[in-house]
Structure formats: C-alpha cells, structure tokens
Amino acid sequence: MVTTAEPVTKLVEAFNKLPGIGPKSAQRLTYYLLSRPGEEAKALAEAILALKEKTRLCSVCFYITDCDPCRICQDRERDHSKICVVERPSDIPPLERTGKYNGVYHVLHGPISPAQGIGPGELKAKEFLSRLQDGSVTEVILATNPNLEGETTAMYLRRMILPLGIRITRLARGLPFGADLEYADDMTLSQALEDRQEF
Amino acid sequence: MGAPRSYQTQAIIIKQTKLGEVDKILTIYTPEFGKLKAVAKGVCRPGSKLGGNVELLTHSLLMLARGRNLDIVTQSQTIDGFLVLKSDLWRMACGLYVLELIDSFTLENSGNHPLFDLLLDTLQRLCQGDDSETVLRYFELHLLDYLGYRPQLHRCVGCNSPIKPVVNFFSSSQGGILCSHCGQKEPDSRPLSVGALKILRLWQSFDYATARRVKVRSELRSELEQVMPGYIKYLLQREVKSIAWLRELRKESIVDNNCGRN
Ligand SMILES: [Zn+2]
Ligand SMILES: [Zn+2]
C-alpha cells in the first residue's frame, strides 16, 4: 500500500474542511504549497495564526477588529448618529467600498432564524438596542439580507425601535442590476414597485 | 422506456440549505411525490432567474431535471408568494412553524395530496388574516390525522370509558384523553378543561369553514396552545425549533390576530 507522508495528509484534510473546497482542490492546494519556497508557507501560516490571535470583536459594534473600539467606531469624522445594522462582519466592506455611507455600524452576527432556533437572544440584538438608549442616535438603517430571515430580523428590530421615535430606514429592495423584468419573482417586483423613486 | 428526463410539479418550498457559494438545496413539498430535495443552481447570485420563486414559503410551479443524486430545478414560476404573510412578523413566524412541522413529519417520496392541500390552505388562511391560533391548531390536528397520529378525544385511552364533562387529562404518550380517574394516576398527563376538549373535538371532526366560526375564549387559548405542541414534541422526541420564535413573539406581545398588515 502506498502511503502519503503524514504532514501532507494532515494539510489536505484541513483544506478539505474549508467551505467550497473538495478533496481534489485540497490536494491541489497542498501540493502547490509544497512546491513553493519555505517563506511563502511560513507567511501563510502566520497570517492564519494572527487571524485568531490578534483579532476580536469590537465592544461597541461587534465588527472584527485588532483594536477596541474598532477603527470605524473610533473615527471622529464619522457620523455617530447613524447606525447601519448588518447581519455579518463581511457585509461591512462592500458597504464601505461604495463610499456613500459615513455613519457607524452594528453587526448582529446572523439573522433571526426560527428554523434553526436562533432568536434575538442568540444575536447581538440586545446590545444594539442598548446603543439607542442615550438619545444620540437619530437614524437606524436596516441592511439585513433581502430574504425571509433578513426580513424577519428587520421587522423584529423595527418593532423594538419604533417606541424610541428614531427614524428607521432600510436599504431599497428590488430588481438587481442586470436583472430581467420578465424573470423577476412577485416579491422582488412588488418591492421594486413599493420602493420606486422619482426619476 | 425509462423515466422522462424532466418533469413539472407544483411545490411549496419548505426548507433551504446552502450548497457551496451560490447554490442551494431546496426541500419542497409536492402533491404527487410528497417531500423532495432538489438543487437550485446559482440562486444566490443577484439576477438569478430562479430567485424569489424558490424562496421559503412560496407556492411555485417548478420544472425539474433528473440528476444523478438530486434533481435540478431548471425553471420556476411563482403561483403564490404569500406576500401578505411575509409582511407580518407574527404570521411569517406561524408560516415557518407550519413548514417545519411538514418537514419534520414527512418522508421523502411519499405523495400525499390531502396533506399538500392542507399545507396550501393553511398558508392561504394565514394570508387572509384568519385567527392565527385557530389556523395553527387546526393544521396540527389534521396533520396528525393524515399521518396516523390522530389523538383519541372521545373515550379514555386508559380504561375506554366515555369521557364525562369534568376536567379530564391529555396524555401525549398514550395519544389522547384520559378520564379524571386514569389521568390522576398518569404523571405525564396534563389537565384539560371541558371547554378546551370541546374545541379540540370540534376542530378535529369538522371542516375548516365550521372550525373558524368558533370563537375561542382567551383563557382557553393558552391551554390549547400547550396541548397539541406538547403532543407533537412527544411524537418527534424533540422540540420544534421554530416554536421558540413563536413564544418569543408572544412574550413581546407581537401577536397579530387581525388582518395581515402591520
Ligand atoms: Zn466598532
Ligand atoms: Zn379512564
């Protein structure tokens, strides 16, 4: 029986656990690294270690950060009276890239997901509502995903914020760029109509 | 001649799990084949032609191609997106609870037309703004009926004597009513008032049009809210996950028994 060196098998297994990486790709990545100079592998290993060792969640907005509060929460140039609520840390970079938003954020770390038994108590929802208590926040922008779980989350937060009299907005929903009207589903079309704008 | 390579069916989307970056595995409930799993390719990409047609809580017409493992959705069209239900926090929670029960109690590839109709009717009733507790309890009782778990509500499941109009008991493990005598000896049973038993019987034996006309007094509501879910928990040997969300909304008084909107 032909055996593979243990370090090789171990790395293949580790890669294989990553999302979207099957056994073939895991092998390819492993042999690729084997063929590269030692520094490259070392740099990769260090980057992976630093990811867990040197990051934590911002104590204000729960974004992933290497300093606390995070750079966004510390930034005095930003408008702290606006909070944009997102499901995941990975939702922030694309919003930042638009360059259209100068407020701060709050990361819930997931949507409310009844089918998985995840309610507001499992998310950073209470922490978000407590940020609204001192009256300094004037607008909340709900940027949850346009699916049932995101909708549920947005509707729930709305119900909780409503008594505070804070302006609540949400990202416009509707037809994505490049979409075909003919193939749009009812929900998307009806939302696109509701959220129509002056032109 | 082999089976045709593609087929068309009505379906209600009852569950979704992500598959890779942009695909999803759908669990759908159909009239002819019962529960099925199928792949919706590229559905997470903006502009996907399947998009909202295969979102949870949607009644769609699907074209499926037979795949080696799972069938693949090739075309889709929404018949009813239950939009009123999706615009209301409480009703959406009710809808998700209904889906989870269907998923938990059914097996793949066993068609059940009456059950499909019950599911579809239930979602439509939630949209129409019918009393949501009546809709849910009616659904639970008839779901159990179709699956062979009809609770016995007329004779004592312990001693077979007719039930008297006093406080009796409901036993999940024995699947029905225990008389006041037998119930006291059975520690797992819960007391059931005369009024609650009457309503359960009525919901069980009459059609929905009759069932919905019965006004349920508020003190009976909480009692009825416990009995059927308790029996369901016993049958599944676990808690239905989305019931926690219904309880949370009830606790926050986000319960809407009137019309769908707001
Ligand atoms: Zn922060
Ligand atoms: Zn008895």
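The values are calculated or read from the model by the stated rules, or taken from the named source; none is laboratory data. Quick caveat, the model's predicted, so the values are computed rather than measured. When we count neighbours, we look across all protein chains shown, and the Cβ atoms used for this are built from the backbone with ideal geometry, even at glycine. In case anyone asks, the SASA skips ligands and DNA or RNA and just uses the protein heavy atoms, side chains included. Shrake-Rupley method; radii C 1.70, N 1.55, O 1.52, S 1.80 Å.
The table below lists the values:
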| item | result |
| --- | --- |
| Length-normalised contact order of chain A in % [C-alpha pairs under 8 Å, at least 6 apart] | 13 |
| Listed residue pairs exceeding 18 Å between alpha carbons, taken from A:LYS10/A:LYS42; B:LYS15/B:LYS37; A:LYS54/B:LYS18; B:LYS198/B:LYS233 | A:LYS54/B:LYS18; B:LYS198/B:LYS233 |
| Choice from A:THR144, A:THR169, A:THR30 with maximal GNM fluctuation in chain A (Cα, 10 Å cutoff) | A:THR30 |
| Accessible area (Å², per residue) of chain A, counting only protein heavy atoms and a probe of 1.4 Å | 64 |
| Acute angle (nearest 10 degrees) that the helix B:218-236 long axis makes with the longest principal axis of chain B, alpha-carbon atoms | 60 |
| Residue mean of other protein chain beta carbons inside 10 Å, B:44-52 | 5 |
| Within straight-line cross-link reach of A:LYS24, aspartates and glutamates at Cα separation under 19 Å, skipping those fewer than 8 residues along the same chain | A:GLU6, A:GLU13, B:GLU21 |
| Alpha-carbon centroid distance for the pair segment A:1-64 / segment B:112-144, whole angstrom | 49 |
| Degrees between helix A:23-35 axis and first principal axis of chain A (Cα, 0 to 90, nearest 10) | 60 |
| Between B and A, accessible area buried - total, square angstrom, nearest 100, 1.4 angstrom probe | 2200 |
| At most 12 other Cβ within 10 Å, DSSP loop - trypsin sites (Lys or Arg not before Pro), segment B:1-64 | B:ARG5 |
| Qualifying chymotrypsin sites (Phe, Trp or Tyr not before Pro) in segment B:126-182, DSSP loop, other Cβ atoms within 10 Å at most 16 | B:TYR149 |
| Selected from A:ALA14, A:ALA125, A:ALA41 as most flexible by GNM, with chain A as the system and alpha-carbon contacts under 10 Å | A:ALA14 |
| Candidates A:PHE15, A:PHE62, A:PHE128: whichever shows maximal mean-square fluctuation once chain A is modelled as a Gaussian network with Cα springs under 10 Å | A:PHE15 |
| Cα shape, segment B:7-154, gyration tensor, a/c 1.5 rule | oblate |
| Neighbourhood charge, 11 Å Cβ-Cβ cut-off, centred on B:THR74 and excluding it, Lys, Arg +1 and Asp, Glu -1 | +3 |
| 10 Å Cβ shell holding at most 10 others, DSSP loop, GluC sites (Glu not before Pro): longest site-free stretch of chain A | A:78-197 |
| Trypsin sites (Lys or Arg not before Pro) lying in DSSP loop within segment B:67-144, provided at most 10 other Cβ fall within 10 Å | B:ARG68 |
| Only Lys, Arg (+1) and Asp, Glu (-1) charged, at Cβ; segment B:19-98 dipole about Cα centre in debye | 200 |
| Computed FRET value (nearest 0.05) for B:GLN124 with A:ASN102, which takes r as the C-beta separation and R₀ as 45 Å | 0.50 |
| Shielding by partners - mean other protein chain Cβ count within 10 Å, residues of B:82-90 | 3 |
| The protein assembly as shown, accessible surface, carbon-and-sulfur percent (1.4 angstrom probe) | 52 |
| Between 0 and 90°, nearest 10: helix A:6-16 axis offset from chain A longest Cα axis | 20 |
